[in-house]
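Visitor: Provided herewith is a single structure, encoded as structure tokens, for subsequent inquiry.
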Amino acid sequence: MKDQERASLESLVLAAYIQKATALIGRSRRVGGNQFRHAMATFAILVDYHYTDAVLLKASVIHDLFEDIPGTNQDSIRKIDADGSAVVDLVLEVTRHHDTPKPEYLARLRDHGSEAARTLKVADRISNLTDLHQTVFTRAFVDRYLEETQTYVFPMANAVNSHMASEIAYLLQRRSDELLSGNEEA
């Protein structure tokens, strides 16, 4: 880690955002664990790729909060700190409304999303692809998810971070190989 990255992370104050994210502990994931752990994994992926932007990292911790916990008080998050409003705005940008078809939502992010929103969505998808196992999800779901990733998320990754794009490509290939072989260990 470079000195500048280290300094940015050392000065990052996340506690209040993590506290808000604990509401996700009660939201289980089909692969096991819960949405809180997924949020922390998304944060870790961004740090692993050397992102240190405070707004992006804070948003990653609560990126599913508004979707998964309807009625979350957005104003209370806006008041957390000087970044609060920008964090809420970024989370809102990556939040899919339940009445919006997923392809429409992903196309909007791919074609019109801010760089921060696309970066956050790519980290989110890396976490989700890591947890995408055919023993948990139907073949049809996995096929659709891989196609969505190829069509919408991979172009976002190419636009924001070539290393993240390489990981997405690897995960797409790995999951496709698993489907073809019928083996999770492919």
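Visitor: Can Glu178 be described as of a type in the set (D, E, K, R) and in contact with an Asp or Glu (Cβ under 7 Å, 6 or more places away or on another chain)?
Guide: So Glu178 passes the test.
Visitor: Failed condition for His63, given (1) in a loop (DSSP other than H, G, I, E, B); (2) at pLDDT 95 or above; (3) surrounded by fewer than 18 Cβ atoms within 10 Å (Cβ to Cβ); (4) under 19 Å from the mean Cα position of the chain (by Cα), with all others met?
Guide: (3)
Visitor: Moving on. Out of everything in the stretch 138-149 that is surrounded by fewer than 18 Cβ atoms within 10 Å (Cβ to Cβ), more than 16 Å from the chain's Cα centre (by Cα) and under 18 Å from Pro103 (Cβ atoms), what residue ends up being modelled with the highest pLDDT?
Guide: Only one residue fits best here, namely Glu147.
Visitor: Please enumerate the residues belonging to the stretch 1-32 that are part of a helix (DSSP H, G or I), polar (S, T, N, Q) and farther than 13 Å from Ile80 by Cα.
Guide: Gln4, Ser8, Thr22
Visitor: Starting from residues that are among the small types (Gly, Ala, Ser) and over 20 Å from the mean Cα position of the chain (by Cα), keep the ones in the stretch 69-92 and report whichever is surrounded by the most Cβ atoms within 10 Å (Cβ to Cβ).
Guide: Only one residue tops the list, namely Ser76.
Visitor: Considering only residues that are over 20 Å from Ser166 (Cα atoms), touching a residue at least 40 places away in the same chain (Cβ under 8 Å) and either in contact with a Phe, Trp or Tyr (Cβ under 7 Å, 6 or more places away or on another chain) or not small (Gly, Ala, Ser) (or both), which ones fall in the stretch 75-128?
Guide: Ile77, Ile80, Asp81, Val87, Lys102, Pro103, Ala107, listed by residue number.
Visitor: Would you confirm whether any residue within the stretch 137-155 is more than 23 Å from Glu167 (Cα to Cα), aromatic (Phe, Trp, Tyr) and part of a helix (DSSP H, G or I)?
Guide: No - not one qualifying residue is present in the stretch 137-155.
Visitor: May I pose another question? Which condition number in (1) outside any helix (DSSP H, G or I); (2) assigned by TED's automatic domain parsing to the domain that holds Ala157; (3) of a type in the set (Phe, Trp, Tyr) is the one that Tyr105 fails?
Guide: Answer for Tyr105: the failing condition is (1).
Visitor: Could you list, in sequence order, the residues of the stretch 97-112 that are among the basic types (Lys, Arg) and crowded, with 16+ Cβ neighbours inside 10 Å?
Guide: Once the filter is applied, which keeps residues that are among the basic types (Lys, Arg) and crowded, with 16+ Cβ neighbours inside 10 Å, the stretch 97-112 yields only Arg110.
The values are calculated or read from the model by the stated rules, or taken from the named source; none is laboratory data. Treat the numbers as computed from the prediction; the structure is a model and nothing was measured. Please note: Cβ atoms are built from the backbone with ideal geometry, for glycine as well, and neighbour counts cover all protein chains shown.
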